[in-house]
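Take a look at the following structure, please.
The values are calculated or read from the model by the stated rules, or taken from the named source; none is laboratory data. Note that the structure is predicted; figures quoted are calculated from it, not measured. Because the Cβ atoms are built from the backbone with ideal geometry, glycine has one as well, and the counts that use them run over all protein chains shown.
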Amino acid sequence: MPIFVLLAASSHLPLPKGIPKQNNEIINIKNEDNRCFERYILEDLYPAPYHRERSQNQNPHLGELNFRGIQFPVKADNNTMEKFEKQNSDISVSIYGWSEKELIPKRIASKSKVHDRCNHKKRNCQPCKLIRLLLITGDDPKTGEPAQHYCLIQGRDRLGKLARYTIKHKGKLYVCDYCVSHRTYDSKIDAQHIEDCEEINTPVQRTVIPKEGKNIYKFRRQERMLDVPFDCTADAETLSIQIKKNQGSKTIAIQEHKVIGFDYIIKRSDGKTKVPVKIRGDDPAGEFIKAMEKETEQI
């Protein structure tokens with residue numbers, strides 16, 4: 001049974017395919033350490049006047065944020081983000097991913113923590129600074145192993161541009177943080193949608209509307225309504241053997257299942273069955289495959 005260790009975002013990675021290399025509204029700092037998360041928070045809080053991709057811009061402010069109990073590189077899971085927000089109460093973080101040329105929401109800050117997305121009359125908010133990060137994956141240029149890296153999305157307006165939504169006039173385009181699909185120029189419509197989307201879109205996910213011509217589902221496989229002529233039910237018996245074996249840099253196997261036998265029975269569509277078969281020996285898996293090939297020829 002393998003143990004999976006969550007990847008943590010660390011040193012610089014190039015932007016994945018599908019994201020324009022220029023005018024993409026993304027800041028990709030060329031850091032060589034494992035503190036890219038801290039650097040992007042600082043870059044948003046203390047924006048450099050130019051060359052914002054340079055890592056030396058954040059060096060004067062390193063150590064100002066409270067990372068007590070949080071290890072570097074910072075993992076992109078909800079527990080870590082909630083701990084960071086609790087220890088830095090004036091900051092909230094939303095994280096997006098990139099998959100097949102699409103922007104995917106991964107972790108969105110709660111509405112109650114974002115000053116510009118809540119009902120101030122209920123006094124349920126704090127003046128938090130919302131920082132939107134893009135989490136990209138790729139192979140580490142130095143080690144060649146799978147790695148992750150944060151990038152900074154420059155505000156909600158840029159979120160819409162990254163999602164490839166165009167603005168046809170000078171009005172402000174509001175894009176939903178939770179589904180990255182709903183967009184409007186009306187702030188009241190946006191506020192109502194955000195309220196509804198946060199309640200029903202848990203966990204957060206992108207909504208994709210089917211294209212014209214592919215938005216109708218109907219049954220096409222009539223042959224699947226017929227009974228299967230023969231049905232084989234098989235059962236494998238295994239022994240669990242304790243091991244300790246590295247499977248990549250992030251996974252350690254601690255158990256291995258050894259096959260010690262197979263049992264199977266073949267049933268015909270009219271209910272009649274063949275004699276049950278038991279397979280034992282030094283190579284029961286190989287013998288089972290041979291038995292299945294022989295049964296197929298006979299049928």
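List the residue pairs whose Cβ atoms are under 8 Å apart, where the first residue sits in the stretch 266-295 and is loosely packed, with under 14 Cβ neighbours inside 10 Å, the second is not in a strand (DSSP E or B), and the two are 6 or more positions apart or on different chains.
That search, which allows pairs on different chains as well, returns S269/D227; S269/V228; S269/P229; G281/E287.
Take the residues of the stretch 74-92 that are in contact with a Leu (Cβ under 9 Å, 6 or more places away or on another chain) and at pLDDT below 90: which is farthest from R156 (Cα to Cα)?
K75
Across the stretch 234-260, which residue is surrounded by the fewest Cβ atoms within 10 Å (Cβ to Cβ) among those that are assigned to a strand (DSSP E or B) and polar (S, T, N, Q)?
Only one residue fits best here, namely Q242.
Just to be sure I understand, how many residues within the stretch 114-153 are at pLDDT 60 or above and either part of a strand (DSSP E or B) or more than 22 Å from E32 (Cα to Cα) (or both)?
Summing the residues that are at pLDDT 60 or above and either part of a strand (DSSP E or B) or more than 22 Å from E32 (Cα to Cα) (or both) in the stretch 114-153 gives 20.
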